[in-house]
Amino acid sequence: DIDSEEDIAKRLRYLQNILTSGRALLDMINELLDMAKIEAGRMELYLTSFDIENMVDTIKDVVGPLATPNDNGFKVNLQDPLGAMTQDETKIRQCLTNFLSNGFKFCSNGTITLDVDTFVQDEIEMVRFAVTDTGEGMSEAGLSKVFREYEQAERSTSAKHGGTGLGLPITKKLAEMMGGDVLVTSVVGEGSVFTLYVPRECPQDYDEVEEG
């Protein structure tokens, strides 16, 4: 017998649900492993020199499809020129993916924007990555615990969106390892801005940061 189009569509939906659940489980496992490494002082940095614009292009290709399910737009604004930086490219990409995926998750029919520029702090040049969304936003109480381990910013978040509550705390710890930090501002009903900033050149004493 030849399956009907309805039967094929139903099977495709089942397969998509399995893939989605599998990816979510894998993400949870990876986050738990990352946190365990950080807490044990075993997380290491792998420093390379890389072009910032090329890295951002890679991130756009990877996370761009996440805009589609909630009908979001995705914009990238780059300061010109940005040039190269010496950091752990994989960890910066991980941090930005955490910020962007959260933006796409908590925003519907809106826009997520990634702005990249530089500034000087204490005579050190920093590269700043700011992710702005026009989504749900957070209360002051939510903002106070957004980077706490195993906690969600709002009570309804875990039930509605799932997750371990580790993505943002891991992002903060990785930023600190690389000599930088993260910031967040938010207004309920208007959206949020998550900012990662790290030195263009990773501090030579990062090992001391890594081992706490």
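Positive end of the charge dipole of region 74-146 (Lys, Arg +1 and Asp, Glu -1 on Cβ, about the Cα centre): tell me which of THR90, GLY135, SER108 has its Cα farthest that way.
With unit charges placed on the Cβ atoms, the residue in question is SER108.
Would you rank TYR197, TYR14 by solvent-accessible area, highest first, keeping every protein chain in place and using a 1.4 Å probe?
TYR14, TYR197
So how exposed is SER192, as accessible area in Å² (1.4 Å probe, rounded to 10)?
Accessible surface of SER192 is approximately 10 Å².
Whole angstrom only: what separates the Cα centroid of region 106-134 from the Cα centroid of region 61-77?
Result: 16 Å between the Cα centres.
Tell me which residues come under 5 Å, amide H to amide H, from PHE74 once H is placed; ignore anything under 5 positions away on its chain.
Long-range HN contacts for PHE74: ILE112.
Would you tally the net charge around MET126, using a Cβ to Cβ cut-off of less than 10 Å, leaving MET126 out, and scoring K and R as +1, D and E as -1?
Surrounding charge for MET126 is -2.
Could you check the simple spin-label distance between SER144 and GLN79, using points 7 Å along Cα→Cβ, in nm with one decimal?
Between SER144 and GLN79, the simple spin-label model gives 3.3 nm.
To the nearest 10 square angstrom, how much accessible area does VAL76 have with a 1.4 angstrom probe?
Number for this one is 40 Å².
Roughly how much of LYS105 is accessible, in Å² to the nearest 10, using a 1.4 Å probe?
Only protein atoms counted, so the area is about 70 Å².
What FRET efficiency, computed as 1/(1 + (r/R0)^6) with R0 = 25 Å and r the Cβ-Cβ distance, is obtained for GLU53 and SER108, rounded to the nearest 0.05?
The calculated FRET efficiency here is 0.25.
Kindly flag which residue pairs out of LYS91/LYS172; LYS60/LYS173; LYS75/LYS105 have an alpha-carbon separation exceeding 21 Å in this structure.
Table pairs above 21 Å Cα-Cα are LYS60/LYS173.
Note down the magnitude of the dipole of region 38-90 about its Cα centre, charges +1 on Lys and Arg C-beta and -1 on Asp and Glu C-beta and zero elsewhere, to the nearest 20 debye.
On the way: 3 positive and 10 negative charges, 25 e Å.
In total the dipole reaches around 120 debye.
The values are calculated or read from the model by the stated rules, or taken from the named source; none is laboratory data. Predicted, not measured: the structure shown is a model, and the values here were computed from it. Positions of Cβ are backbone-derived with ideal geometry, glycine not excepted, and every protein chain shown enters the neighbour counts. For the accessible areas, the whole protein counts, side chains as well, though only heavy atoms, and no ligand, DNA or RNA atoms are used. Shrake-Rupley method; radii C 1.70, N 1.55, O 1.52, S 1.80 Å.
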